[in-house]
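A.B. asks: Below is one structure. I have some questions about it.
The values are calculated or read from the model by the stated rules, or taken from the named source; none is laboratory data. Not measured: the values here are computed from a predicted model. All Cβ positions, even for glycine, are placed from backbone atoms using ideal geometry, and neighbour counts span all protein chains on display. These accessible areas exclude ligands, DNA and RNA; they are computed on the full protein's heavy atoms, side chains included. Shrake-Rupley method; radii C 1.70, N 1.55, O 1.52, S 1.80 Å.
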Amino acid sequence: MSSNHTTSRLPAFLLLGIPWREDIHKWLSIPFFLLYLAAALGNGAILVAVARNPSLREPMHCFLSMLAVTDLALSGTTLPTTLGLLWFGISQVAFDVCLTQMFFIHVASVAESSVLLAMAVDRWTAIACPLRYSALLTHRVVARVGLAVLIRSALTLLPLPFLLLRLTYNDQRRLTHSFCFHPDIMKLARNETEVNVHYGLFVILSTAGIDSILIILSYIPIARVILGLGSWGERVRAAGTCVSHVAAVLVFFVPMIGLSVMHRFGSHGPLPLALVGYIYLLVPPALNPVIYSIKCQCIWKTLLRLCFYQPGVPRWTSSPHPSHIKHKSLPVTCSQRFSVQTVQIESPSMGSSQSDETSIGLVFGDTPV
């Protein structure tokens, strides 16, 4: 009796690939493998480029590196069970392994939501307060944000495995996906799951719900600044700096919210749930490097320099030492809400008759800078 009771409490779950398509799992493994490969190569390339090029140490690229790490974690947690099922037909997964995979899938999801929120704050700071951008988002601040993202994700999801351990499960142990997902496991329980339902809803609302609302609110002052620019070309250039982030937000949050709603409030078959689950966990890690490479071409230029490096030729162009540069600020008032600060750089090696003038950008405020 004790042995049977233990088996019912800690079962081995059966994974499901594409429902009613088991005969073509071998062929379906090809696009899945390509998505995993694209996620690994694309996000790995971003990490290598930022690590090797000193000029890519700005907060924007640091947050992009965090996004690449979370994408690698999100795709890496589902890779063993998904490809194991499609390639070798391994459909059984132990209970403790399933809980471990579920925990890391949800931790990576919450971490990616938090990183996207941090990137929204970064864009707001860069557009609304360009002259204070470097002072506000220092490397120490970025490191603290990364640590806060990790702590928030781990502590929020820590109770989930323990809430599932207290349940007993039915003899029907087939999951909807080829990976372990909290709502999917919870539906197989025999006893009451009200605590799991309420806590799962709390996790969604306190992480992805709050993050998505704050991201939307952050774009309100950004839109005001962009619409306040003088010419249409300036508006397009300013809005272009946010296009990649908006696309990444939509690619991640739309299938995530859709999957949560389908699991909790819908009566759908296994096929729609499986398809939305794969879109949620596989598409964002594979697409995010492509989305950001369109605007951040400096990353791919860095990789090309690393691949085709010639000895004796410096990889990166070093900027002059700060001690040899004289800065002179020339504030020019544009209106009551905006001002432009031009910095004139004079180098002794260039002579007093030569100088470079660089426009720093617009400042949002009531008084000129």
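A.B. asks: Pull out all pairs, ordered by first then second residue, where Cβ-Cβ is under 8 Å, the residues are six or more apart or on different chains, the first lies in segment 70-90 and is in contact (Cβ under 8 Å) with a residue 12 or more places away in the chain, and the second is part of a helix (DSSP H, G or I) and among the acidic types (Asp, Glu).
C.D. replies: Thr70/Glu112; Asp71/Glu112; Leu74/Glu112
A.B. asks: On to the next question. Taking segment 186-196 on its own, how many of its residues are open to solvent by 60 Å² or more (accessible area, probe 1.4 Å) and either touching a strand residue (DSSP E or B) at 6+ places or on another chain (Cβ under 7 Å) or hydrophobic (A, V, I, L, M, F, W, C) (or both)?
C.D. replies: Number of matching residues: 2.
A.B. asks: I'd like to verify a number: residues in segment 12-66 that are outside any helix (DSSP H, G or I) and either modelled with pLDDT under 85 or surrounded by fewer than 20 Cβ atoms within 10 Å (Cβ to Cβ) (or both), how many?
C.D. replies: 11
A.B. asks: Let me ask something else about it. Looking only at segment 241-279, which residues are in contact with a Pro (Cβ under 7 Å, 6 or more places away or on another chain), within 23 Å of Leu205 (Cβ to Cβ) and either touching a residue at least 40 places away in the same chain (Cβ under 8 Å) or not in a helix (DSSP H, G or I) (or both)?
C.D. replies: Scanning segment 241-279 gives Val251, Phe252, His263, Arg264.
A.B. asks: Shifting gears a bit: Only one of these conditions is not met by Pro183: (1) surrounded by fewer than 17 Cβ atoms within 10 Å (Cβ to Cβ); (2) part of a helix (DSSP H, G or I). Which number is it?
C.D. replies: (1)
A.B. asks: Here's something else I'd like to know. Within segment 67-86, can one find any residue that is in contact with a Ser or Thr (Cβ under 7 Å, 6 or more places away or on another chain), open to solvent by 10 Å² or more (accessible area, probe 1.4 Å), within 21 Å of Met256 (Cα to Cα) and of a type in the set (S, T, N, Q)?
C.D. replies: There is at least one residue in segment 67-86 that is in contact with a Ser or Thr (Cβ under 7 Å, 6 or more places away or on another chain), open to solvent by 10 Å² or more (accessible area, probe 1.4 Å), within 21 Å of Met256 (Cα to Cα) and of a type in the set (S, T, N, Q).
A.B. asks: Okay, moving on. Mind listing whichever residues of segment 211-240 are among the β-branched types (Val, Ile, Thr) and either within 17 Å of the chain's Cα centre (by Cα) or assigned to a loop (DSSP other than H, G, I, E, B) (or both)?
C.D. replies: Correct list: Ile213, Ile215, Ile216.
A.B. asks: So for segment 88-104 (the condition being among the polar types (S, T, N, Q) and not in a helix (DSSP H, G or I)), does at least one residue qualify?
C.D. replies: For segment 88-104, residues among the polar types (S, T, N, Q) and not in a helix (DSSP H, G or I): present.
A.B. asks: Looking for whichever is in contact (Cβ under 8 Å) with a residue 60 or more places away in the chain, part of a helix (DSSP H, G or I) and among the charged types (D, E, K, R) here; the options are Arg152, Arg132, Arg123, Arg140. Which one fits?
C.D. replies: On inspection, the qualifying residue turns out to be Arg123.
A.B. asks: In segment 204-249, what count of residues is obtained for those that are in contact with a Leu (Cβ under 8 Å, 6 or more places away or on another chain) and open to solvent by 60 Å² or more (accessible area, probe 1.4 Å)?
C.D. replies: Residues in segment 204-249 being in contact with a Leu (Cβ under 8 Å, 6 or more places away or on another chain) and open to solvent by 60 Å² or more (accessible area, probe 1.4 Å): 2 in total.
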